[in-house]
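Student: Please find one structure pasted underneath; my questions will follow.
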Amino acid sequence: MAAGYTKQRAEDVKSLLEEMTRKYNTPDFIKNDPVSVPHRFHRKQDIEIAGFFSALFAWGRRETAINKANQLMNLMDVQPYEFICNANTKDFKRFESFCHRTFQGDDILFLIAALRKLYHRFPSMEDCLASLHSEDSIGQTISNFRKYLLESDHLKRSAKHLPDPARGSAAKRLNLFLRWMVRKDQCGVDFGIWDFPGAHQLKLPLDVHSGKTARMLGLLSRPQNDWKAVEEVSSALLEFDPHDPVKYDYALFGLGIFEKWGSFTQLIGQHHQNAVL
């Protein structure tokens, strides 16, 4: 926890985060979030693939990211696992004009080839990650997964779409993907279809919004949103919930995007007022 944190302040922050988590970790959250795309599916591998691409697309305007991820699923005939395993060269032509920000058709074809190789070797993406697990950290496991995907032929540009914690990246989008796949609760947003890694090993999908809120609450002192910051804030959240620290992603994201506040004192004061009411 941040230096100078009193027991009372820690209790206030935890209470606030719990309240905001309950507020935003609900089915109503799904429709306006990229997680809505994998929620179109029921098969484990389809959810993995839709979640993977949706998470990679999740930067910039949320509406655009959702639309583009849905467009990609439609280009895969709304059967992403079957398409990736069985599509032929003729089928691949439909991606020539695809574009989402810096993603282009060649990047999609590289990822399709990489995932085809993965599914020919492993029953699921979860099994692949488990085989690449590093005892050092989940960050190293993500880096190993990145290296595995990049064994497939790719343009130099395509590698930039796969963040690498070993090079300092916060890897927000892959941490978001892991949250979707791993977290198990009854709220209906995250899928909880993976047993690896454990929820306690997950790291916060740190971005500008959650980072700003975490710093205001004293959970993060590092000014950069990099992997060291991810480890710092995730360690702080582990003290609040050692079993499921990234559930607070909902709270930090919601406070950063939707709530109006000017200071820690104002935010905590409003929280206490609502609790009394």
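The values are calculated or read from the model by the stated rules, or taken from the named source; none is laboratory data. Note that this is a predicted model, so its numbers are computed, not measured. Methodologically, a virtual Cβ is constructed for each residue, glycine included, from the backbone with ideal geometry; neighbour enumeration extends over all protein chains shown.
Student: Determine, yes or no, whether residue 98 is surrounded by 15 or more Cβ atoms within 10 Å (Cβ to Cβ), under 24 Å from residue 191 (Cα atoms), aromatic (Phe, Trp, Tyr) and modelled with pLDDT of 95 or more. Step through it out loud before you land on a result.
Tutor: On the way: surrounded by 15 or more Cβ atoms within 10 Å (Cβ to Cβ): yes; under 24 Å from residue 191 (Cα atoms): no; aromatic (Phe, Trp, Tyr): yes; modelled with pLDDT of 95 or more: yes.
Considered against the rule, which asks whether it is surrounded by 15 or more Cβ atoms within 10 Å (Cβ to Cβ), under 24 Å from residue 191 (Cα atoms), aromatic (Phe, Trp, Tyr) and modelled with pLDDT of 95 or more, residue 98 comes out as no.
Student: Further question: Out of curiosity, is residue 92 touching an Asp or Glu at 6+ places or on another chain (Cβ under 9 Å), in a helix (DSSP H, G or I) and at pLDDT 95 or above? Reasoning before the result, please.
Tutor: Details: touching an Asp or Glu at 6+ places or on another chain (Cβ under 9 Å): no; in a helix (DSSP H, G or I): yes; at pLDDT 95 or above: yes.
No; evaluated as a whole, the condition is false for this residue.
Student: Let me ask something else. May I ask you to list pairs of residues, at least six apart or on different chains, whose Cβ atoms are under 8 Å apart, with the first in region 185-204 being free of Cβ contacts under 8 Å to residues at least 60 places away in the same chain and within 19 Å of residue 252 (Cα to Cα) and the second being surrounded by 14 or more Cβ atoms within 10 Å (Cβ to Cβ) and polar (S, T, N, Q)?
Tutor: 204/175; 204/210; 204/234
Residues checked against (1) out of contact with any strand residue (DSSP E or B) (no Cβ under 9 Å at 6 or more places or on another chain); (2) part of a loop (DSSP other than H, G, I, E, B); (3) charged (D, E, K, R); (4) free of Cβ contacts under 8 Å to residues at least 40 places away in the same chain:
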{"site": "5", "(1), (2), (3), (4)": "yes, yes, no, no"}
{"site": "9", "(1), (2), (3), (4)": "yes, no, yes, no"}
{"site": "17", "(1), (2), (3), (4)": "yes, no, no, no"}
{"site": "47", "(1), (2), (3), (4)": "yes, no, no, no"}
{"site": "51", "(1), (2), (3), (4)": "yes, no, no, no"}
{"site": "55", "(1), (2), (3), (4)": "yes, no, no, no"}
{"site": "69", "(1), (2), (3), (4)": "no, no, no, yes"}
{"site": "84", "(1), (2), (3), (4)": "yes, no, no, yes"}
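Student: Quickly run through region 163-188 and pick out the residues that are buried (at least 22 other Cβ atoms within 10 Å of the Cβ) and assigned to a loop (DSSP other than H, G, I, E, B).
Tutor: 170, 171
Student: Moving on to the next point. Can you work out which of the residues in region 146-161 that are aliphatic (A, V, I, L, M) and part of a loop (DSSP other than H, G, I, E, B) is surrounded by the fewest Cβ atoms within 10 Å (Cβ to Cβ)? Break it down into steps so the answer makes sense when it comes.
Tutor: Step one: list which residues in region 146-161 are aliphatic (A, V, I, L, M), which gives 149-150, 155, 159.
The next check asks that each one be part of a loop (DSSP other than H, G, I, E, B); those that pass are 150, 155.
Numbers: 150: 15, 155: 12.
Ranking the qualifying residues of region 146-161, first place goes to 155.
Student: Then there is this: For region 235-252, how many residues meet the condition of being surrounded by fewer than 22 Cβ atoms within 10 Å (Cβ to Cβ), touching a residue at least 12 places away in the same chain (Cβ under 8 Å) and assigned to a helix (DSSP H, G or I)?
Tutor: Taking region 235-252 first, the residues surrounded by fewer than 22 Cβ atoms within 10 Å (Cβ to Cβ) are 235, 238-244.
Remaining after also requiring touching a residue at least 12 places away in the same chain (Cβ under 8 Å): 238-240, 242-244.
Imposing the further condition that a residue be assigned to a helix (DSSP H, G or I) reduces the set to 238-240.
Residues meeting the conditions: 3.
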